[in-house]
1. Modelled label-to-label distance, Glu62 and Ala114, 7 Å Cα→beta-carbon offset: nm?
2. For Ile36, Ile175, what's the fewest-to-most ordering of other Cβ within 10 Å of each Cβ?
Amino acid sequence: MTKFWYFLTTFAESGLSILGIRSGYEQPAYQVVQTISPSVEIRRYAARTAVETAISRANDGEAFGRLFRYITGANTGAQTISMTAPVATSAQMIAMTVPVETGVQTMRFFLPQAVVKAGVPAPTDPKVHIVSLPEMTLGVIRYSGVATAEARETEAGLLRTALAGAGKAYFGEPIYFSYDPPFTAPFLRRNEVALGVR
């Protein structure tokens, strides 16, 4: 696909996102194992491959920019790669020096299966990395509106309460999934908070 058609397609998909239409974006495959409430599910995700970068501060547009540059050609094959949904952000505890740990927030774009099968090109930016994620079970709560830090914290609390009430043991830090660009009407946005479930 030429750069012109790539950006035209990307622009068209973004335009449809204003109306909450996401059919043009490939999403990671999962199976709903259990429905706890209309907004809370237990999902089993298949193994996935993603491109990831660290976020240096809250709502870091630079992190999104680095990942977007990767899928628009900042890789060893100079390939253009289709945008997928959702964009994932999470905090990870990384051991810096024993026994000290520090929290690092990351942003991820999941890569299309066709790209993974053909061979994922390496990033040219040293701050961008390819990560392979194993199969995992997640408890997920879905909500609309603007995904502010306060909204995410509130939804994470509701998810923990719902999982505990269903007798599900959860672990780790929350993962935040954003399915829409910032210009999508807030009431049409799809946002999710996920926690690992044993």
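FYI, it's all coordinate maths here, none of it is from the lab. Owing to the predicted nature of the structure, the values given are computational and were not obtained by experimental measurement. With ideal geometry, Cβ positions are generated from the backbone for all residues, glycine too; neighbour counts draw on all protein chains shown.
1. Simple spin-label model gives 3.4 nm for this pair.
2. Going from sparsest to densest Cβ surroundings: Ile36, Ile175.
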